[in-house]
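Engineer: First the structure, which I've put down as structure tokens, then a few questions once you've had a look.
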Amino acid sequence: MSTPRNPFTKTKAKAGEGEIVLTRLPPDKQVLTTFEYQYPLKLISPDPHKVTVTTPLTPNEETEVPVTTVFLLTYGGGLLAHDSINLTITLQPSTRLALLTQGSTKIFKADSTQHSQPGTLPTTQQRPPTTSQTLNVKVSPHSTLCYLPDPNQPYAYSIYEQRQTFYVDPFGSSSLLFLDWVSEGRSARGEHWTLTSWKGRNEVREFDESSKGRLLLRDSLLLFGDDLAAKTDKKGIMGTLVIYGPVWKHLAEFFMQQFQALPRIGAKTWQQTSTVEEGKGQQSFSMSSTGKQEQKQDSEVKGLLWTAAKVRGFVLVKFAAADVDGARLWLGQMLKREGSVEREFSHRALLCLR
């Protein structure tokens with residue numbers, strides 16, 4: 001297990017700051033050359049393991065590649081009002097990182113003397129310090145990131161802002177898979193979107209040393225206002241899955257095929273054959289009786305709605321379900337059925353879906 005610096009030693013770094021640099025050393029050793037964090041952020045990394053894969057660089061032969069896993073944690077299992085996390089990650093060329101959590105990130109309520117009613121965004125004068133989390137990740141050429149965290153869980157009266165920016169190779173050799181999902185809160189205590197404000201923004205850019213880099217994808221979610229539970233149509237969780245790069249090519253195609261195979265509005269039967277337009281050509285596929293049954297089971301997950309779209313080489317999957325367990329069940333079935341995550345990173349990468 002990688003041993004980070006003591007987070008309580010004297011340092012110039014601010015509270016909540018962290019940095020990870022993952023480097024591939026010859027012939028096939030992968031090490032965390034930088035692994036630092038400050039309270040309330042905590043990082044844990046087990047020893048790297050190896051998986052046997054067919055890489056884009058060696059498409060006709062199998063090879064063993066090392067995979068490093070890092071768990072993102074917070075002391076006490078959540079973030080208090082005033083807490084701010086700022087994590088920077090660099091994947092050097094030809095490295096693989098699985099970024100995971102060990103449970104939902106809980107967002108505790110804002111200062112009780114200043115918060116307003118649930119679902120009401122406070123004015124600038126009333127607003128207490130915001131809980132925030134910033135993540136900046138550079139995925140270098142031929143590197144692969146698999147970021148599958150547990151859902152974010154904002155408690156009643158919580159105010160939270162999240163910004164995640166991923167930088168990829170301009171020539172398309174970086175591979176990126178990340179999940180961002182948020183639940184309604186503590187439903188067992190009657191919390192159904194009783195947060196005050198939740199803001200999230202995900203961006204993917206081409207990395208450029210002289211500028212912010214060309215924007216490839218931006219996805220934002222803003223939750224606030226009266227009666228959020230009704231506005232979300234009684235959905236208990238909403239999420240986004242972003243798929244990009246050569247390592248995740250088959251996974252991206254799988255989601256598009258599964259979405260195209262769903263019955264359209266007003267359809268009475270499952271289509272035997274669907275056609276997906278891709279670029280200038282067309283790709284055809286057929287669904288077996290087993291596949292149709294699996295699609296039917298997916299549609300029966302309580303309150304499940306999902307969609308998928310291609311955007312500038314990305315596949316963007318949006319989903320919502322009545323509860324967290326339903327979303328976990330559906331997404332876990334989809335990823336296990338296709339198999340790329342387990343094949344490329346081992347079963348450990350799917351911890352958030354168990």
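Engineer: Could you list the residues of the stretch 205-237 with an amide nitrogen less than 20 Å from a label point located 7 Å from the Cα of residue 333 in the Cα-to-C-beta direction?
Structural biologist: So the set is 235-237.
Engineer: Using a/c under 1.5 as the rounded threshold, could you call the stretch 17-246 rounded, prolate or oblate? The axes a ≥ b ≥ c are square roots of the C-alpha gyration tensor eigenvalues, and prolate needs a/b larger than b/c, oblate otherwise.
Structural biologist: Here the stretch 17-246 falls in the prolate category.
Engineer: Under a crude label model (7 Å from the Cα following the beta-carbon direction), how far is residue 233 from residue 75 in nanometres?
Structural biologist: 4.3 nm
Engineer: Express in % the proportion of alpha carbon pairs of the stretch 140-201 at distances exceeding 14 Å.
Structural biologist: Pairs farther apart than 14 Å: 63 percent.
Engineer: What is the antiparallel percent of DSSP beta bridges lying wholly in the stretch 17-246, to the nearest 5?
Structural biologist: So the antiparallel bridges in the stretch 17-246 amount to around 40 percent.
Engineer: To continue, here is another question. Along the charge dipole of the stretch 17-246, pointing to its positive end and built from +1/-1 on Cβ of Lys, Arg, Asp and Glu, which listed residue (147, 183, 158) has its Cα farthest out?
Structural biologist: The listed residue farthest towards the positive side: 158.
Engineer: Search the structure for amide H atoms under 5 Å from the amide H of residue 17, placed 1.01 Å from N in the peptide plane, and list their residues when 5 or more places away or on another chain.
Structural biologist: Amide H neighbours of residue 17: 38, 86.
Engineer: Percent relative contact order of the stretch 9-110, based on C-alpha pairs within less than 8 angstrom and at least six residues apart?
Structural biologist: This gives 31 percent for the stretch 9-110.
Engineer: How high is the relative contact order of the stretch 17-246? Use alpha-carbon pairs under 8 Å, at least six apart in sequence, and give a whole percent.
Structural biologist: 17 percent
Engineer: Can you list which of the GluC sites (Glu not before Pro) found in the stretch 130-221 are DSSP loop residues with at most 13 other C-beta atoms within 10 Å?
Structural biologist: Taking the stretch 130-221 and a limit of 13 other Cβ atoms within 10 Å, the loop GluC sites (Glu not before Pro) found are 209.
Engineer: Would you work out which of 37, 222, 26 lies farthest towards the positive end of the dipole of the stretch 17-246, given +1 charges on the beta-carbon of Lys and Arg and -1 on that of Asp and Glu, about the Cα centre?
Structural biologist: Of 37, 222, 26, it is 222.
Engineer: Right, another one. With each pseudo-label sitting 7 Å past Cα toward Cβ, what's the residue 136-residue 215 distance in nm, one decimal?
Structural biologist: 1.7 nm
Every number in this text was worked out from the coordinates using simple rules, so none of it is lab data. Treat the numbers as computed from the prediction; the structure is a model and nothing was measured. No Cβ is skipped: glycine too gets one built from the backbone with ideal geometry, and neighbour counts run over all protein chains shown.
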